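Written below as structure tokens is the structure these notes are about.
Read the figures in this text as sums done on the coordinates, not as results from a lab. Quick caveat: nothing in here was measured; it's all calculated off a predicted structure. Virtual Cβ from ideal backbone geometry, glycine too; neighbours counted across all protein chains shown.
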Amino acid sequence: MGIIDFEQITTELSDRVLTVTLNRPERLNAWTPIMAEELIEAFDRADADDEVRVIIITGAGRGFCAGADLAAGGETFDHRQREAAASQMAGSQAGSEAGPVPRDNGGRFTLRVFESTKPVIAAINGPAVGVGATMTLPMDIRLAAEDARIGFVFARRGIVPEACSSWFLPRVVGISRAMEWVATGRVFSAQEGLEGGLLRSLHPSGELLEAAHELAREIAENTAPVSVALARRMMWTMLGAEHPMLAHRADSRGMFYRGQSADAREGITAFLEKRPAVFPDLVSDGLPEIMPGWSAPEFE
């Protein structure tokens with residue numbers, strides 16, 4: 001993955017682990033449309049690069065992501081008002097008729113994470129509030145600093161959970177815990193997040209990123225990238241499946257296709273010879289279709 005001059009994030013590839021850092025520390029890495037677009041581009045590039053085996057997301061400075069940038073005040077989430085103001089600045093007349101509902105850019109990002117062929121680890125190094133919390137929900141593993149604070153604060157701001165979190169959050173922590181956090185809108189401790197199943201582990205601030213990298217390296221050094229990509233797709237997709245038979249169909253197709261692969265031969269041979277495996281198959285060559293007929297619905 002080549003060096004890219006992003007404005008609000010940074011990327012660094014080391015040991016086949018791509019670290020993506022939200023980089024607005026003076027604003028506690030508050031979310032903006034620019035940040036959303038840059039994150040989506042970073043994931044597009046990571047998926048296309050076989051040197052990237054795992055993605056870590058973290059924040060610069062003392063915050064992970066403080067939520068949406070509220071510099072626009074009470075009009076922050078009023079799309080129509082912002083559109084009208086932009087039209088006036090451009091010297092044009094804003095239309096009176098309502099246009100199509102705009103897509104939430106947090107949701108566009110979490111859907112991109114959902115589609116990732118690389119496992120994703122969140123290293124939550126500080127406050128993660130609003131979209132700063134919901135953006136992590138489709139990430140596979142979440143680690144946090146011991147002093148991190150997390151909040152699904154939407155109801156306290158007069159809005160609703162976004163970034164597809166009404167789908168992800170109950171699946172991650174269960175409906176009761178999800179509703180408690182969303183209905184109260186309170187900001188809670190990392191310890192409560194750990195106890196609620198949102199977080200995998202807590203670490204001293206200075207040790208968090210290394211813990212995330214250690215976990216990422218364990219994946220990168222020991223597993224077949226195509227197998228991990230397929231397993232990730234199977235696990236997340238099956239969260240919405242209506243019957244375990246759908247998983248059985250996907251499992252059976254996956255075992256059939258992967259059982260014939262060079263990776264399977266290498267993995268078994270390496271195990272028997274007691275040596276590290278060197279898996280030859282590449283994600284960029286394409287994944288076998290193990291869930292025919294499944295496709296994401298369109299935004300309407």
Tilt relative to the chain, helix 208-222 - C-alpha long axis, 0 to 90 degrees, to 10 = 40
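Just in the stretch 112-175: which GluC sites (Glu not before Pro) are loop by DSSP and have at most 16 other Cβ atoms within 10 Å?
Values: sites: E115, E146, E162; in loops: E115, E146, E162.
Counting only loop positions with at most 16 other Cβ atoms within 10 Å, the GluC sites (Glu not before Pro) in the stretch 112-175 are E115, E146.
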inquiry  = How tilted is helix 33-48 with respect to the longest principal axis of the chain? Cα atoms for both, answer in degrees (0 to 90, nearest 10).
reply    = 10
task = Calculate how large, on average over all directions, the projected area of the Cα convex hull of the stretch 1-52 is; give the answer in nm² to one decimal.
result = 3.5
query = Considering the chain as a Gaussian network with a 10 Å cut-off on Cα pairs, which listed residue, P119, P225, P100, attains the greatest mean-square fluctuation?
reply = P100
ask   = Using θ = phi - 60° and the Karplus form 6.51 cos²θ - 1.76 cosθ + 1.60, what ³J(HN,Hα) does each residue of the stretch 167-174 get, whole Hz, x for Gly and Pro?
value = 8, 6, 4, x, 6, 7, 10, x
inquiry  = Springs between alpha-carbon pairs under 10 angstrom, Gaussian network model over the chain: which of G126, G197, G286 fluctuates most?
reply    = G286
inquiry  = If amide hydrogens are placed 1.01 Å from N in the peptide plane, which non-local residues have theirs closer than 5 Å to the one on I124?
reply    = L143, A144, A145
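Is the C-alpha gyration tensor of the stretch 151-300 telling us rounded, prolate or oblate? Criteria: a/c under 1.5 is rounded; beyond that, a/b larger than b/c is prolate, otherwise oblate.
Details: a/c = 2.83, a/b = 1.50, b/c = 1.88.
Since a/c reaches 1.5 but b/c is at least a/b, the shape of the stretch 151-300 is classed as oblate.
Antiparallel as a % of all DSSP beta bridges within the chain, to the nearest 5? Don't skip to the answer; put the middle values down first.
Values: 9 of 29 bridges.
Counting only bridges with both partners in the chain, antiparallel ones make up about 30 percent.
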task = Provide the per-residue ³J(HN,Hα) series for the stretch 176-184, in order, calculated from phi with Karplus coefficients 6.51, -1.76, 1.60 and θ = phi - 60°, each as a whole number of Hz, with x at glycine and proline positions.
result = 5, 5, 4, 5, 4, 5, 6, 5, 7
ask   = Against the longest principal axis of the chain, how steep is helix 79-89, in degrees 0 to 90 to the nearest 10, with axes from Cα atoms?
value = 60
query = Residue-wise, which Karplus ³J(HN,Hα) couplings in Hz belong to the stretch 105-117, taking 6.51 cos²θ - 1.76 cosθ + 1.60, θ = phi - 60°, and x for glycine or proline?
reply = 6, x, x, 4, 6, 5, 5, 5, 5, 4, 7, 4, 8
ask   = Which GluC sites (Glu not before Pro) from the stretch 1-57 combine a DSSP loop assignment with at most 13 other Cβ atoms within 10 Å?
value = E7, E51
request  = Could you size up the charge dipole of the chain around its Cα centre, putting +1 on the beta carbon of Lys and Arg and -1 on that of Asp and Glu, and report it in debye to the nearest 20?
outcome  = 700
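Using the C-alpha gyration tensor of the chain, what are the square roots of 5 times its eigenvalues, in whole angstrom, with the largest one first? Don't jump to the answer; show the numbers that get you there.
Values: eigenvalues 242, 103, 81 Å².
Working from the Cα gyration tensor, I get semi-axes of 35, 23, 20 Å.
Using DSSP loop states and a limit of at most 12 other Cβ atoms within 10 Å to flag trypsin sites (Lys or Arg not before Pro), what is the longest stretch of the chain containing no flagged site?
On the way: sites that count: R103, K274.
The segment 104-273 is the longest one with no such site.
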query = Under a GNM of the chain (C-alpha, springs under 10 Å), which listed residue has the highest mean-square fluctuation: L272, L18, L215?
reply = L272
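Mind running the shape call on the stretch 209-258? Use the C-alpha gyration tensor, a ≥ b ≥ c as the square roots of the eigenvalues: rounded below 1.5 for a/c, prolate if a/b tops b/c, oblate otherwise. Walk me through the numbers on the way to the answer.
Numbers: a/c = 4.84, a/b = 1.86, b/c = 2.59.
Judged from the Cα gyration tensor, the stretch 209-258 comes out oblate (a/c at least 1.5, b/c at or above a/b).
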query = For the stretch 127-238, what class follows from the C-alpha gyration tensor (a ≥ b ≥ c being the square roots of its eigenvalues): rounded when a/c is under 1.5, otherwise prolate if a/b is larger than b/c, else oblate?
reply = oblate
Net dipole in debye of the stretch 198-290 [+1 Lys, Arg Cβ; -1 Asp, Glu Cβ; about Cα centre; nearest 20] = 260
request  = Can you find, among V187, L215, A231, the residue farthest towards the positive end of the dipole of the stretch 162-272? Put +1 on the C-beta of Lys and Arg, -1 on that of Asp and Glu.
outcome  = A231
